[in-house]
Amino acid sequence: MKHNLLITRPNFDVTTRYLFVWAKKIIELAEKKCGKIFDLKKQRANRKEFESVMRKHEPGLVFLNGHGDERTVAGQDNEVLIRAGENEEILKAKIVYALSCRSGKILGPYSVKAGADAYIGYDEDFYFLYDNDKQSRPEQDKTAEMFLEPASQVMVFLLKNHSPQEAHINSKKSFACQARKLLTSSATSLESSAVKYLIWNMQHQVCVEK
């Protein structure tokens, strides 16, 4: 069965610009693997439109990109899309991946308690480094790729019909693999410093299920 996919892609600062561009790869894969794709990008990544599309089309997969905290995930200009204790029931019967800081700590468990099938996210901040010279061309930034490629594996595996737990495990393996590659004598100082953040992201990615 092909799931419909809803993806949020705010784009208003350096962090969201990178997530916006990197999520295009997921959309390209989803075009081959999914039913309908609802791409809430830039100004469309607002709460009113998010809730409307969620209720009208009931996508089985939800990919949230943006800033967040323990209780929320935000969209364009940091407008809160979902807040624990307020509207998490909108994720009922959905598989969710939030590429966002800290929402796996409280919003994730709240969402599953409200009926979400699974919530994959991070229970602390998500870190990535980037090349200042590539800010206008995130897709060419090899530094950011070290972090965003492993993070994107959650959606890659979900779109290939793996279970949430399998997607979570494979993403963590990808972070670990990237860290091992950098622990070599040929690694640059920047690459070596990236290792601690890769391990951090790996350790703090969580999968909450029923």
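FYI, it's all coordinate maths here, none of it is from the lab. Fair warning: this is a prediction, and the values are worked out from it, not measured in the lab. Because the Cβ atoms are built from the backbone with ideal geometry, glycine has one as well, and the counts that use them run over all protein chains shown.
Among DSSP beta bridges whose residues both lie in segment 5-209, state the antiparallel percentage, nearest 5. Expressed as a percentage, antiparallel bridges in segment 5-209 total about 35. If you line up the long axis of helix 14-33 against the longest principal axis of the chain, both from Cα atoms, how many degrees apart are they, to the nearest 10? The angle comes out near 70 degrees.
Quote the relative contact order of segment 72-210 in percent (integer), defining contacts as alpha-carbon pairs under 8 Å separated by 6+ residues.
Details: 230 pairs, mean separation 33.6, N = 139.
Normalised by residue count, the contact order of segment 72-210 is 24 percent.
Placing +1 on each Lys and Arg Cβ and -1 on each Asp and Glu Cβ, with no other charges, gives segment 5-209 a dipole about its Cα centre of roughly 440 debye. Loop-located trypsin sites (Lys or Arg not before Pro) across segment 1-70 with a Cβ neighbour count of 14 or fewer within 10 Å are Lys2, Lys36, with loop assigned by DSSP.
Considering only Cα-Cα distances, which of the following residue pairs are longer than 24 Å: Lys24/Lys196; Lys2/Lys181; Lys2/Lys24?
On the way: Lys24/Lys196 27 Å; Lys2/Lys181 35 Å; Lys2/Lys24 19 Å.
Pairs exceeding the cut-off: Lys24/Lys196; Lys2/Lys181.
Loop-located GluC sites (Glu not before Pro) in segment 69-127 (DSSP state not H, G, I, E or B) with no more than 16 neighbouring Cβ atoms inside 10 Å: Glu70, Glu79, Glu86, Glu124. When the charge dipole of segment 1-66 is built from unit charges on Cβ atoms (+1 for Lys and Arg, -1 for Asp and Glu) and taken about the Cα centre, the candidate among Phe20, Leu5, Gly35 whose Cα reaches farthest toward its positive end is Gly35. Would you give the gap between the C-alpha center of segment 135-210 and the C-alpha center of segment 73-117, rounded to a whole Å? If you average the Cα positions of each part, the centres end up 22 Å apart. In segment 82-126, which trypsin sites (Lys or Arg not before Pro) are in a loop and have at most 16 other Cβ atoms within 10 Å, using DSSP for the loop call? The qualifying sites are Lys92.
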